[in-house]
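Have a look at the structure below, then the notes.
The values are calculated or read from the model by the stated rules, or taken from the named source; none is laboratory data. Computed from a predicted structure; not experimentally measured. Neighbour counts are summed over all protein chains in view; Cβ atoms, including those assigned to glycine, are modelled from backbone coordinates with ideal geometry. Accessible surface is based on the protein model in full, side chains and every heavy atom, while ligands, DNA and RNA are left aside. Shrake-Rupley method; radii C 1.70, N 1.55, O 1.52, S 1.80 Å.
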Amino acid sequence: MKIVVTARSGAREFECEPGEKILHAGLRSGIELPYECGTGTCGTCKARLVSGRVESEWPDAPGSRYLKGPAELLMCQCVAREECALEVGVLKSGDAGAPLPGALGGRVRGRRRLTHDVAAFDVDLDRPLDFAAGQFALLTVPGIAGARAYSMVSFERAARRLSFVVKKKPGGAVSEWLFGDEVEDTPLGLFAPLGHATFHPGLQKHVLCIAGGSGIAGMMSILRCAGEAGHFAGWDGHVFFGVRSERDRFFLDELQALQARHPARLAVTVALSDEDVPAGLSAAYPGLAFARGLVHAVAGERMAGRFADVRAYVAGPPPMVDASLRLLLREARLSPADIRYDKFS
């Protein structure tokens, strides 16, 4: 079925398969339709139906609260029942270095606890997947409405296995399922890769990563890719990772190992928001720095005067992302083109 999308910047058309989400069809066709989370939460992919007929597969999606009338829809949740014409706010140019997304399948492997409320798991894929460092995947669990967005922790070309972390959210159907029993070998649907917070080898800038909680996932992919590409031979890396307390820490062994490979160029600071830094924590990780405070504030203090030639990456809970964006735009005065983020509402 043909879908025509019109915006102030022009019009594009693409084919949508029966039962395929409109957003997915456009993105896999190389058309940069507006989106952020892709999960029916943020409302960024809102469109107005001009003609045709669509049906939402998740009418109660949280992002529905942003719809102003019956003609408006979420492209990430709607399938076309006939040829359609839509209006959106803007059509942007895509990231030329990022692979096009598509649908694939996988199975859950090796779920393990990292903290009391953070778990890691892998997904074995039914076909190889190329993705840019910093991107995420939409995961769909049988019997649970809607997809969930998780950033890849790993980085590998033609990957056959992806690694993810998830924070347990009270009342969150997928996160509570992942923390339950009998998740091993469960089949999943995936749509990937997605996201704009990407790192590509050849970037001629210092790298700044500001992450809160499970937002560190995509940063690990970026740091691994940058390290393998030799980026830290000539450019600095600054990583600020925020957690509430020592009880909530994870990936510190991995971060220290990365820092040890690039001791002159890569600096990692862990910010504890809810408690002073225990002496034993600093002693256990001599390659890392520690500070008390909100991660965006710690990053602002320690990066003062050092924002020249920086590309910043931000990920985490929406309030933390918003505070970091204010820092980078108002105080650091970075160009919006040098700030990359994905905000999972």
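Annotations
- Hits in region 183-224 (condition: at negative phi, within 14 Å of the chain's Cα centre (by Cα) and among the small types (Gly, Ala, Ser)): Ala192, Ala197, Ala211, Gly212, Ser214, Gly215, Ala217, Gly218, Ser221
- Residues that are among the aromatic types (Phe, Trp, Tyr), modelled with pLDDT under 95 and under 21 Å from Met1 (Cβ atoms) within region 14-72 comprise Tyr35, Trp58, listed in sequence order.
- Among residues of region 223-249 being farther than 18 Å from Gly134 by Cα, part of a helix (DSSP H, G or I) and not acidic (Asp, Glu), the one that is least open to solvent (accessible area, probe 1.4 Å) is Ala233.
- Residue check, Phe121 in contact with a Phe, Trp or Tyr (Cβ under 8 Å, 6 or more places away or on another chain), closer than 20 Å to Ala226 by Cα and buried (at least 18 other Cβ atoms within 10 Å of the Cβ): no
- Every pair of residues 6+ apart whose Cβ atoms lie under 9 Å, when the first sits in region 115-142 and is farther than 22 Å from Thr198 by Cα while the second is open to solvent by 20 Å² or more (accessible area, probe 1.4 Å) and β-branched (Val, Ile, Thr): Val141/Thr186; Pro142/Thr186
- Enumeration of residues in region 56-90 that are assigned to a strand (DSSP E or B), open to solvent by 30 Å² or more (accessible area, probe 1.4 Å) and under 18 Å from Glu15 (Cβ atoms): none
- Members of region 282-320 found to be among the hydrophobic types (A, V, I, L, M, F, W, C) and part of a loop (DSSP other than H, G, I, E, B), listed by number: Leu288, Leu294, Met303, Ala304, Phe307, Ala308
- Any hit, region 323-341, residues being at pLDDT below 95 and surrounded by 17 or more Cβ atoms within 10 Å (Cβ to Cβ): yes
- When residues of region 3-20 are limited to those that are in contact (Cβ under 8 Å) with a residue 40 or more places away in the chain and touching a strand residue (DSSP E or B) at 6+ places or on another chain (Cβ under 6 Å), the one surrounded by the fewest Cβ atoms within 10 Å (Cβ to Cβ): Gly19
- Pairs linking a residue in region 280-296 that is within 13 Å of Val239 (Cβ to Cβ) and touching a residue at least 40 places away in the same chain (Cβ under 8 Å) to a residue that is among the hydrophobic types (A, V, I, L, M, F, W, C) and surrounded by 16 or more Cβ atoms within 10 Å (Cβ to Cβ), with Cβ atoms under 8 Å and 6 or more positions apart or on different chains, are Val295/Ile210; Val295/Ala211; Val295/Phe240; Val295/Phe241; Val295/Ala271; Val295/Met320.
- Residues being surrounded by fewer than 18 Cβ atoms within 10 Å (Cβ to Cβ), of a type in the set (A, V, I, L, M) and in a strand (DSSP E or B) - total across region 100-118: 2
- The set of residues from region 129-172 being in a strand (DSSP E or B), open to solvent by less than 70 Å² (accessible area, probe 1.4 Å), more than 19 Å from Thr39 (Cβ to Cβ) and in contact with a Ser or Thr (Cβ under 8 Å, 6 or more places away or on another chain) comprises Ala133, Ser163.
- Region 250-281, subset open to solvent by less than 10 Å² (accessible area, probe 1.4 Å) and assigned to a helix (DSSP H, G or I), residue farthest from Pro319 (Cα to Cα): Leu281
- Within region 178-207, the set of residues being surrounded by fewer than 16 Cβ atoms within 10 Å (Cβ to Cβ) and within 16 Å of Leu138 (Cα to Cα) comprises Pro187, Gly189.
- Selection within region 294-321 - loosely packed, with under 15 Cβ neighbours inside 10 Å and charged (D, E, K, R): Glu301, Arg306, Asp309
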